[in-house]
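Input: a single structure, listed below in structure tokens.
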Amino acid sequence: MRLGGRGAEKSVDCLLEDREGHSWAGTSQGLFQLRPRLLRVYSTKDGLPHRRCWSLAEASDGAVWVDTEGGVARIQGEQVQTFADEPARNRTPGILVDREGQVWLGYKHKGVCAWRPGGTTHSFWHNSSLGPTNAANVGALYLDRTGRVWVGTSRGVAWFEEGRPAVSFGDDGLPTNSIRSIYQTRDRALWFGTWQAGARRWTSAGDGRTPGSSLAPSSLCLTTAEGLADNRVFVFTRTRTAPSGSGRTTA
């Protein structure tokens, strides 16, 4: 499929399917919305801060948020909205909107922030004294089925509760590898895609329902030795294999 006339389909950086079944593609040439019978293109002429689109997220109100090379925008009803109070940061791809309406964004080498447009901004792991080697560089953001925010970084992964990190890196058997993707399956187990260390499946309390419980967590690691095509895992998908909706997770 061609996206416009400038070869944008060759530079897709992020994809999202919203609740209405529309597909969104962020590219170096702008943001494309594909409807069943219509391809809608959003560019700087429509109000995007920049044509290079890095990350996409859908909020609970159905709005689509996009993080671009020049800033963040919110799109709803085909209207593009930008924000004067967006936190200044050295950008790294990744955006998430939690159930309370906070927008989570990554800083390059300086952790993550939770920003409420028009309100407050809270930063975590924002310690410049660590230097780029030991800093928490965000590689993945994920909202699980209970509403917890998970943040994957170059130092490992942690979840947040009540606006604060609930664990330290490495607690509860969580991986300390550089995390590039996060996905939760229907059984509430979490999968973490790493940079050069394969895919890791993690559950707590034996069923993955209660992070931080007193029962021992369990984990599973899959690499090229177990059949993965590559030890760098950037995305997980769920494919249906039966009318009942059961399926399998693909890395």
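The values are calculated or read from the model by the stated rules, or taken from the named source; none is laboratory data. Here the structure is a predicted model, which means the values were calculated and not measured. Don't worry about glycine lacking a Cβ; one is built from the backbone with ideal geometry, like all the others, and counts go over all protein chains shown.
Among the numbered conditions (1) modelled with pLDDT under 90; (2) under 18 Å from the mean Cα position of the chain (by Cα), the only one that Ala73 does not meet is (1).
Each row is one residue, and each column tells you yes or no for (1) surrounded by fewer than 17 Cβ atoms within 10 Å (Cβ to Cβ); (2) assigned to a loop (DSSP other than H, G, I, E, B); (3) not β-branched (Val, Ile, Thr).
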{"site": "Gly21", "(1), (2), (3)": "yes, yes, yes"}
{"site": "Ala25", "(1), (2), (3)": "no, no, yes"}
{"site": "His50", "(1), (2), (3)": "no, yes, yes"}
{"site": "Gly62", "(1), (2), (3)": "yes, yes, yes"}
{"site": "Val66", "(1), (2), (3)": "no, no, no"}
{"site": "Ala73", "(1), (2), (3)": "no, no, yes"}
{"site": "Arg89", "(1), (2), (3)": "no, yes, yes"}
{"site": "Glu100", "(1), (2), (3)": "yes, yes, yes"}
{"site": "Ala114", "(1), (2), (3)": "no, no, yes"}
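Considering (1) surrounded by 20 or more Cβ atoms within 10 Å (Cβ to Cβ); (2) part of a strand (DSSP E or B), the lone condition that His122 does not fulfil carries the number (1). A single member of Thr121, Thr146, Thr133 is over 25 Å from Leu190 (Cα atoms), modelled with pLDDT of 90 or more and of a type in the set (S, T, N, Q), and it is Thr121. Tell me, please, whether a residue that is without any contact (Cβ under 8 Å) to a residue 24 or more places away in the chain, in contact with a strand residue (DSSP E or B) (Cβ under 7 Å, 6 or more places away or on another chain) and not in a loop (DSSP other than H, G, I, E, B) can be found in the stretch 1-18. Scanning the stretch 1-18, I find at least one residue that is without any contact (Cβ under 8 Å) to a residue 24 or more places away in the chain, in contact with a strand residue (DSSP E or B) (Cβ under 7 Å, 6 or more places away or on another chain) and not in a loop (DSSP other than H, G, I, E, B), so the answer is yes.
Looking only at the stretch 35-48, count how many residues are touching a residue at least 24 places away in the same chain (Cβ under 8 Å) and either closer than 30 Å to Thr146 by Cα or not in a loop (DSSP other than H, G, I, E, B) (or both).
Applying the first criterion (touching a residue at least 24 places away in the same chain (Cβ under 8 Å)) to the stretch 35-48 yields 39-42, 46-48.
This time we only want the ones that are either closer than 30 Å to Thr146 by Cα or not in a loop (DSSP other than H, G, I, E, B) (or both), so: 39-42, 46.
Here the count works out to 5.
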